[in-house]
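See structure below.
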Amino acid sequence: MALRFLLAFAAASACGAALAQADIEFSDRRSGIVPSLRLSVDIGGDRTAAPGPAVPHTGHGIEIGLSGASAEDSQSVSAGDGPVVFGGRIFAPGELRHELDFGFFEVAYRYRHFFGASKVFGIEALGGIGFTSLDLTVSSAAQSASQKLDNGGLVGGFGIIWKFLPATSLQSRLTLFGSAETEGVTGAARMDVHVAHALGRNAALRAGLVSWGIVSQRADARDEDSLNSRIRAGFSGLSLGLDVAF
């Protein structure tokens, strides 16, 4: 009886080891220019008041955002990590090449509040829905596979604003995305720091730095419906954006 138990345990352990696989890990800190577009509409405020909606101010609003980037990186997978499973292919341990195109769309309610009589320092909070799209290609010396992963989910964010000139401000924001799905992009985080300058009442330009972290949890390797490796990707670069406000 004890021998049977030990044999069964050994077989289960071997099976688990056979199913073990490496994560797809990606990090590119030279992603070049990351463009973005924001469209915002004030709710319940006086849109004709000076200096105009393009300059951050206390109030409620609806914000629509769109951003995207392309990046690439390589990954060395050791034999002890197991193979990478992606796009219906099994990549043996070794040197892998990753290329991705990422897009993010969000619609959120936003509230901003500036403090004191000078209204120089302010905070903002956002909440809404988002949609992500990740086109990823994994290549080795022997083969290549591509997949498009996309998901909808919830978005939340928090930011700090310093208006150091009447039409110019330093803005930082942390944005989080989460999905209840196990496939596609299941989680993402963006941290950006920008200097924004209002060109007029309804438009502003932003320039600064942005960093993204992306996770695709995938289904557990022991789930017979999916044998995909988890994906953990990050990229950062210079950011240029256009804000249109009404």
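The values are calculated or read from the model by the stated rules, or taken from the named source; none is laboratory data. Since the structure is predicted, the reported quantities are computational estimates derived from the model, not experimental observations. Glycine also receives a Cβ, built like all others from the backbone with ideal geometry; neighbour counts cover every protein chain displayed.
Values as computed for the structure displayed
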| quantity | calculated |
| --- | --- |
| Hey, Leu96 in contact with a Ser or Thr (Cβ under 7 Å, 6 or more places away or on another chain) and not small (Gly, Ala, Ser) or not | yes |
| Index of the failed condition, Ala180 passing every other in (1) surrounded by fewer than 17 Cβ atoms within 10 Å (Cβ to Cβ); (2) modelled with pLDDT of 90 or more; (3) not acidic (Asp, Glu) | (2) |
| Looking only at the range 121-143, and only at residues there that are among the aliphatic types (A, V, I, L, M) and at pLDDT 95 or above, the one that is farthest from Gly187 (Cα to Cα) | Ile123 |
| Qualifying residue in the range 131-152 (condition: surrounded by 15 or more Cβ atoms within 10 Å (Cβ to Cβ) and farther than 30 Å from Ile90 by Cα) | no |
| Wholly enclosed strands (runs of 3 or more DSSP E) of the range 52-127 bearing at least 2 residues surrounded by 14 or more Cβ atoms within 10 Å (Cβ to Cβ), of a type in the set (Ser, Thr, Tyr) and within 20 Å of the chain's Cα centre (by Cα) | 59-77 |
| Exclusive hit being within 13 Å of the chain's Cα centre (by Cα) and either closer than 19 Å to Ile62 by Cα or assigned to a loop (DSSP other than H, G, I, E, B) (or both), set Val215, Val185 | Val185 |
| Filtered residues of the range 38-51 (kept if of a type in the set (Ser, Thr, Tyr) and either at pLDDT below 90 or assigned to a loop (DSSP other than H, G, I, E, B) (or both)) | Thr48 |
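Matching residues to (1) farther than 27 Å from Ala71 by Cα; (2) modelled with pLDDT under 95; (3) part of a strand (DSSP E or B); (4) touching a Cys at 6+ places or on another chain (Cβ under 6 Å):
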| position | (1), (2), (3), (4) |
| --- | --- |
| Leu154 | no, no, yes, no |
| Leu170 | no, no, yes, no |
| Met191 | no, no, yes, no |
| Arg201 | yes, yes, no, no |
| Arg206 | no, no, yes, no |
| Ser226 | no, yes, no, no |
| Phe235 | no, yes, yes, no |
